[in-house]
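Structure first, commentary second.
The values are calculated or read from the model by the stated rules, or taken from the named source; none is laboratory data. Remember, predicted model here, so these are calculated numbers, not experimental data. When we count neighbours, we look across all protein chains shown, and the Cβ atoms used for this are built from the backbone with ideal geometry, even at glycine.
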Amino acid sequence: ADAHLPLSTDEPASLMTPAHVAACVAAAGGAELYRGAKVQAPASASVAERVGMLGRIRAAMV
């Protein structure tokens with residue numbers, strides 16, 4: 001299934017690690033027009049938890 005798991009720091013079953021995200025950004029070499037990630041937060045996650053998940057993805061992209 002294509003579950004769009006968040007970073008492995010938030011979901012241990014995820015293969016999307018901060019290191020993998022950083023490596024993909026580096027491989028793009030600045031040629032990308034924008035950076036983004038599609039993730040599905042758990043239904044039980046609060047707004048603060050969801051924002052935290054997005055913030056950690058953003059931090060991995062910088």
Restricted to region 1-28, and to residues that are charged (D, E, K, R) and crowded, with 16+ Cβ neighbours inside 10 Å, which residue is nearest to I57 (Cα to Cα)?
D10
Quick check, is A43 surrounded by fewer than 15 Cβ atoms within 10 Å (Cβ to Cβ) and closer than 19 Å to A3 by Cβ?
yes
Is region 15-27 home to any residue that is at pLDDT below 95 and out of contact with any helix residue (DSSP H, G or I) (no Cβ under 9 Å at 6 or more places or on another chain)?
yes
List the pairs whose first member sits in region 49-61 and is in a helix (DSSP H, G or I), whose second member is surrounded by 14 or more Cβ atoms within 10 Å (Cβ to Cβ) and of a type in the set (S, T, N, Q), and whose Cβ atoms are under 9 Å apart, counting only residues at least 6 apart or on separate chains?
M53/T9; R56/T9; A60/T9
